[in-house]
Amino acid sequence: MNWLLKQVHTNLAVSRTANADLFDKVGVLLLHKGQPITEGIRDLLENREVFIWERKEDENRSSNVVKAFPKDVYVKLVGSLWSIYHEAKLISQEQIEHTINLVETIIKQLRPINVYLNLNLVRLDVEQFKHHDYGTFAHSLNVAILATLTARRLRYSEKKLRHLTLGALLHDLGKLNIPKEVLNKPGTLTAKELLLMKQHPQFGADMLKNSRVLPSVLETVVKHHERWNGTGYPCGYKKDDIHLDAQIVAVTDVFEALTADRPYRKGLPPYYALEMIIAGAGKGYNPTVVKAFRESLILYPENAVVTLNTGEIGVVAAVPVQMPTRPLIRLLRDNKGRFLNKAQYVDLMQDLTRFIGRVEFNLPM
Ligand SMILES: [Fe+2]
């Protein structure tokens with residue numbers, strides 16, 4: 001998307017206020033939105049060409065085009081996962097086959113590599129999410145989407161990719177056997193509850209014993225809480241003793257969990273969660289996986305409108321590959337909401353006092 005000046009034919013009535021920021025043809029601000037229209041201003045504006053800024057899709061861009069994961073497909077996928085698994089005990093081969101159809105849908109949606117997934121918008125927006133306990137399934141879908149994007153960056157073959165996506169969708173299956181009071185407990189878990197919670201990878205594997213999933217899928221389920229440096233659970237495996245699929249899911253699982261709102265706490269901003277993951281490279285996480293995850297994750301799509309912690313509003317002008325949490329921002333409005341006359345840039349790599357508070361206008365989902 002680009003911002004373009006579009007000519008408007010103003011019909012200005014004295015005593016009213018301007019309903020948009022008005023500019024001349026080179027983009028110099030003539031009148032602020034909300035400013036009263038006096039006789040003098042009306043006479044001045046009536047004799048000149050007046051423009052407003054408008055966002056326009058740029059149809060010529062192709063390789064850098066970012067596609068948003070479609071909201072309707074996302075909602076259907078979560079609904080399907082819920083209906084396949086919400087009362088599951090022992091998983092049948094038929095349930096796995098239904099899930100493989102969902103895997104195909106996910107992979108098809110992720111074919112253009114640049115896919116932006118807004119993790120929280122769907123959870124907050126969609127009515128069904130409030131009526132059903134969709135939380136675990138939305139988590140699994142988010143983890144699977146992010147893991148698939150990471151694995152593609154690691155040049156997984158199509159066949160291996162399908163097994164990874166399936167494992168990621170099933171990774172927390174064992175949590176269906178944990179009481180909701182423990183899963184959503186606001187405070188610290190007791191030693192007994194923690195022990196139970198740490199059994200969910202094994203519970204998941206037990207639930208899959210009647211189905212014919214590949215060993216790699218089982219490894220993802222059993223080992224997604226193992227850590228690169230051996231500090232994970234249930235067995236404390238290290239490095240190559242953990243299947244690469246499980247190493248990928250470990251990273252996307254933690255990122256998703258950190259950014260998700262829980263009944264007892266608000267999710268962390270995605271940039272902060274990503275910086276935590278980057279800090280864990282070579283410690284809890286395989287550095288190669290972290291690099292691929294960082295490169296595949298689109299936190300701030302180019303041209304997204306963002307609000308900074310200072311209250312300033314700007315457009316993402318460029319995203320550094322090495323540090324995608326700190327893009328270059330072209331400021332549009334100052335911290336009082338006034339349109340800026342001259343192009344001003346903030347490089348978040350240099351200016352560490354500013355950061356992105358929220359993405360103001362997300363790409364259409
Ligand atoms: Fe888990």
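The values are calculated or read from the model by the stated rules, or taken from the named source; none is laboratory data. A quick note: this is a predicted structure, and the numbers were derived from the prediction, not measured. Reconstructed Cβ throughout: ideal geometry from the backbone, glycine too, with neighbour counts over all protein chains shown.
Tabulated results
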read-out: Residues that are within 14 Å of the ligand (Cβ to nearest atom), more than 21 Å from Lys160 (Cα to Cα) and not in a loop (DSSP other than H, G, I, E, B), drawn from the stretch 205-250; value: Met207
read-out: Tally, over the stretch 176-185, of residues that are assigned to a helix (DSSP H, G or I), within 16 Å of the ligand (Cβ to nearest atom) and out of contact with any Phe, Trp or Tyr (no Cβ under 8 Å at 6 or more places or on another chain); value: 3
read-out: Complete set of residues in the stretch 274-313 that are free of Cβ contacts under 8 Å to residues at least 12 places away in the same chain and hydrophobic (A, V, I, L, M, F, W, C); value: Ala279, Ala281
read-out: Condition met for Lys198 (within 11 Å of the ligand (Cβ to nearest atom) and either in contact (Cβ under 8 Å) with a residue 12 or more places away in the chain or in contact with a Lys or Arg (Cβ under 8 Å, 6 or more places away or on another chain) (or both)); value: yes
read-out: Test result for His224, of a type outside the set (A, V, I, L, M), in contact with a Lys or Arg (Cβ under 6 Å, 6 or more places away or on another chain), within 19 Å of Thr136 (Cα to Cα) and in contact (Cβ under 8 Å) with a residue 24 or more places away in the chain; value: no
read-out: Lys159 being over 27 Å from Ile96 (Cβ atoms) and away from the ligand (no atom under 12 Å from the Cβ); value: no
read-out: Strands (runs of 3 or more DSSP E) wholly inside the stretch 285-365 containing at least 1 residues that are under 29 Å from Asp253 (Cα atoms) and modelled with pLDDT under 90; value: 305-308, 313-318, 328-333, 356-361
read-out: Subset of the stretch 229-274 that is polar (S, T, N, Q) and modelled with pLDDT of 90 or more - its residue that is farthest from Ile298 (Cα to Cα); value: Thr231
read-out: Residue check, Glu302 over 21 Å from Leu268 (Cα atoms) and under 17 Å from the mean Cα position of the chain (by Cα); value: yes
